[in-house]
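Below is one structure, written out as structure tokens; comments come after it.
Bear in mind these aren't lab numbers, they're just calculated from the coordinates by the rules spelled out. Because the structure is predicted, anything quoted here is derived from the model rather than measured. Neighbour counts run over all protein chains shown; Cβ positions are idealised from the backbone, glycine included.
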């Protein structure tokens, strides 16, 4: 049953609900203690996604990464209440599912041999989106979501900065003229570029806690500052240009949130200070200077331009339904005479996986989410979800983030925010359509 609570007053930045005729909806049916706890633990574990517990406890060669293990537990806990956590599916999820189902079906019809574990990654992430969106119908779960994300990224970032748990395998050496071999560091064996992009999500989350865009006590503001500083230092150590781009886009999007009163000046100043701090570190980093210089002078993008050109050529061979999940990477690899080559771009991966049939509804859903979360950015969780989504999409410009669970959590937050606003509009303005009604004050 849907209920309304005055406690949602904190959701509007600078706006009191004490004088508001109605509050944002809080779905009590989404409040389940065990899924809530597992959901928070799962989000924290994403920061350590590369750890394989199978290295310590071998079980038939099965990858027992913490996030996978907790993901299974989250699904099993959702089965305790399937009606509210599994069977309520947003129209955005249906649109995105077209991409997942087309890519899965085409891959099964292809003659190439594909690992079932890799092939089922995207469908598993769709199920994760369904569960996450339904859990985020509750205000309490929103609080768990943002705090768990903040804690997980902060822990991983500072472990990386302090070199705790960082082994030789986590260091990718790159030759820099005048400096010799310099290390690009990631934490716990994670790919340096993907690690940097995930850190960027923690950076913007920490700053939004500090600004009050995400409601929290003074303690959580302090944790936000600690997380922001740690993530900037960690991103610098990875030497990832994509991580810097994602962080910059996220910081810029924070400046478009609707914060009121004295927070407006901080809203502009703090992201600028963070960008200047990050720029100062980048300028002083030999490996960053060399990589940026290569990009600007000789157009070095780690062969991404050649890969993008090849992807466009391959798209013409199967424009309608693509080549299927995972198989598309093998097809690109065959083009270069190698076994497997990633597209290094989210949208090219969707296009080659499911063709235009999958790309169009996927883009349509993303576009609607960006528009709606931006339009109602004066609502705290909508504004924060907009920032998280833009940051994740920016990371997808140069990386295959569609295989990472944190990308789909950013999608889930945006979908849940859109659903939350739609419920609010339907309750406060039952005689008006969602499209024509004005934002509630």
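Rounded if a/c is under 1.5, else prolate if a/b beats b/c, else oblate: with a ≥ b ≥ c from the C-alpha gyration tensor eigenvalues square-rooted, which is the range 270-320? Taking the square roots of the gyration eigenvalues as a ≥ b ≥ c, the range 270-320 is oblate.
Legend: ranking of residues 312, 415, 379 from fewest to most surrounding C-beta atoms inside 10 Å; resulting order 312, 379, 415.
A straight chain from residue 371 to residue 37 at 0.36 nm per residue would run longer than the Cα-Cα distance by 117.1 nm. Extension gain, residue 140-residue 275: 0.36 nm per intervening residue step, less the Cα-Cα distance, totals 45.4 nm. Once the Cβ-Cβ distance of residue 305 and residue 360 is raised to the sixth power relative to R0 = 30 Å, the FRET efficiency obtained is 0.75. Sorting the segments 368-374, 227-233, 317-323 by their residues' average number of neighbouring beta-carbon atoms within 10 angstrom, most packed first, yields 227-233, 368-374, 317-323. Sorted fewest first by neighbouring Cβ atoms within 10 angstrom, 290, 390 come out as 290, 390. Within the range 367-406, find all residues whose amide N lies under 20 Å from a label point positioned 7 Å from the Cα of residue 342 along Cα-to-beta-carbon. Inside the label zone: 389-406. In this label model, residue 120 and residue 335 are separated by 3.0 nm, measuring between points 7 Å along each Cα→Cβ vector. The Cα atoms of the range 75-121 give a gyration tensor whose axes a ≥ b ≥ c have a/c of 1.5 or more with a/b no greater than b/c, which makes the shape oblate. Assuming a ≥ b ≥ c are the square roots of the Cα gyration tensor eigenvalues, decide whether the range 235-391 counts as rounded (a/c under 1.5), prolate (otherwise, with a/b larger than b/c) or oblate. The shape class here is oblate.
Exposure proxy shown here: for 308, 381, the number of other Cβ atoms within 10 Å sets the order, fewest to most, as 308, 381.
On full extension, the segment bounded by residue 256 and residue 297 gains 11.5 nm, given 0.36 nm per residue less the C-alpha separation.
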